[in-house]
Amino acid sequence: MQSRLLLSAVLASGVVTAGAAEFYTTDKLGEVYGVSDNGRYAAIADIENQVSYLWDSENPTEFTLLEGLYAKSEAYDVSDGGMIVGSVYNAGKWIPAYTDENGDWQLLPVTANFINIGYATNVTPDGSIIVGYMTDKDPDPMNSSGKRNYPCKWTKGADGSWELTSYNTIDIPDHQGFFTTCFLQKDGHEIIGGYVFTNWGGVTNVLLVDGELKIWNKMEWRMNPWIYKGKYEGTDENGKQIWLDDPNDPRVNKYPEAYIDGFYEGNGGEEDMFSGAFFDCDQFGNFFGSRTQVRDVQDDGTGRLLHGASYYDFNNDKFYDYNGEDPTLGKQKAFSTGLGKDYIFLGGDKVLVDGKEESMTKKWGFSSNQTITGVMKRSADGKVLGGITQELNPATGEYQYSPFMLILDEPLITLVGVENVEGESTTVGISTEPGMIRVFGASEVAVYDLNGRLVGNSGANAVAPGIYVVKADGTTRKVAVK
């Protein structure tokens, strides 16, 4: 499996209650891969030891091992009702699976040409739809492995059975395929996010929107000769290797080279590899991760790659790149998750709040004896955050990783259900903090004081302390600002 790890850690058991948050830790190894939208549950996997855990906020000091028929498992997401989705090892294959009402793993259907690897990576809050990926037979003769990973979806029927939809006919540019990490249903669309491998082993951002592949890079193969000390490698009539002066000599051999947006990938080390991916998304249509872009590319494929954190707004089809080019955004390495555009989580103890980098431990008043590696997932309102810490194991000299759960006293945003003009239900978020009213996921915003005066109409509204009326996409809420 291609791991979705961003960062890595070992923790001491216990809970720290201080300030505006409760911080729960465990001595078990693993990472938080999923938090239910309602914040009650978390799915935790220890990839190295291939075991999984369920965390329940009603018993927050316990991290319960998922046992049963399958000794090896990896948990990746969890519904509001506590159904975990992931994969189990069975008869030499990793098969996508979910847990039933008793907490036992059940296998999901696979394709007729399924080979050996399948993962269920995301589930809807109500547990009715699961998405993931699996290896399938690949008819492409250029693919020597004969297999490729394709995204897929399972839909639960009225009788409790699961119907499989495999997107194994989409044209994926690299033989390794599509790796899913997040799933969003918005405005009538179904959007699966993740990454695909580039031809030489880098990764780049990708979405599957209503079954159609959306990728922002042009990948191509070009046939070029092998040049050594100014001569061109070829083969004579006896099959012997020769070196030629004329590049147009028909005996010159040509080999495939991978180009991405005109850049010859594989021309150097890791700095010349793409490193873009989506790691998570929020309910408002923002996809968080990292992105690589090509700059100053020449006809021969030379150029430079610009790496940095990025999020993509599905609503306006636009990337916001924190790669240092835009001084108003600054430079960051990667975003693990976020909530709206005003709460975006970085590696370590850092979170961007309205573009300003802050320490989580200081902001929410908690502490940890281990190094915080990052927040990986969060509930829909941001009240429950799941992440990992790291600690050096003196016996091995290597870092080990363990999960942590953070419960804030107050959610980051208040979620409001809204019905749009087409009659579909959507979600708007409203949050307040000293001197500020924030609105998430609304196309039209109006903020009024109690005298009826309009004092703001954007996602971030600076106001004086007092009571205000917020109108967002047809819904109205009264809020208090300190």
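The values are calculated or read from the model by the stated rules, or taken from the named source; none is laboratory data. Treat the numbers as computed from the prediction; the structure is a model and nothing was measured. Cβ: placed from backbone, ideal geometry, glycine included. Neighbour counts: every protein chain shown. Heavy atoms of the whole protein, side chains included, go into the accessibility calculation; ligands, DNA and RNA do not. Shrake-Rupley method; radii C 1.70, N 1.55, O 1.52, S 1.80 Å.
Taking segment 190-229 and a reference point 7 angstrom along Cα→Cβ of residue 241, the backbone N atoms nearer than 12 Å belong to 226-228.
The loop-placed GluC sites (Glu not before Pro) in segment 214-298, going by DSSP, that have at most 12 neighbouring Cβ atoms within 10 Å of their Cβ come out as 237.
Here the mean projected area of the convex hull built on the C-alpha positions of segment 319-436 is 10.1 nm². Here segment 335-442 has 45 percent of its accessible surface on carbon and sulfur atoms, given a 1.4 Å probe and all protein chains in place.
Where the centroid of each part is defined by its Cα atoms, how far is segment 40-76 from segment 241-303 in Å? After rounding, the separation between the Cα centres reads 39 Å. Exceedance of the 32 Å cut-off in Cα-Cα distance is limited, within the set 72/341; 229/331; 218/331; 333/478; 28/218; 72/156, to 72/341; 229/331; 333/478; 28/218. By the beta carbon rule, with partners counted only under 4.7 Å, the chain holds these lone Cys residues: 152.
According to the square roots a ≥ b ≥ c of the eigenvalues of the Cα gyration tensor, what is the shape class of segment 272-349, taking rounded for a/c under 1.5, prolate for a/b larger than b/c otherwise, and oblate for the remainder? Prolate. Across the chain, the relative contact order, built from alpha-carbon pairs under 8 Å that are at least six residues apart, equals 13 percent.
Annotation: per residue accessible area for segment 352-419 equals 44 Å², rounded to a whole number [probe 1.4 Å, protein chains only]. Adding -39500 (n - 2.57) for every DSSP H run of four residues or longer, then dividing by how many residues the chain holds, sets the calculated 222 nm ellipticity at 0 deg cm²/dmol. Translational diffusion of the chain was estimated from the Stokes-Einstein equation, with Rh taken as the Kirkwood radius over Cα pairs; at 4 °C and 1.567 mPa s the coefficient is 53 µm²/s.
Defining a contact as two alpha carbons under 8 Å apart and six or more residues distant in sequence, what relative contact order in percent does segment 117-254 show? That works out to 13 percent. For the pair residue 357 and residue 399, label points projected 7 Å from Cα toward Cβ lie 1.6 nm apart. Estimated translational diffusion coefficient (Stokes-Einstein, Kirkwood radius over Cα pairs, 25 °C, 0.890 mPa s) of segment 145-298: 134 µm² per second.
A simple packing score, the average count of other Cβ atoms within 10 Å per residue, orders the peptides 370-383, 340-353, 203-216, 293-306 as 370-383, 340-353, 203-216, 293-306, with the highest score first.
In this structure the amide hydrogen of residue 77, modeled in the peptide plane, comes within under 5 Å of the amide hydrogens of 85, none closer than 5 places in sequence on its chain. The tail of the calculated P(r) for segment 203-293, taken as Cα-Cα distances beyond 18 Å, holds 62 percent of the pairs.
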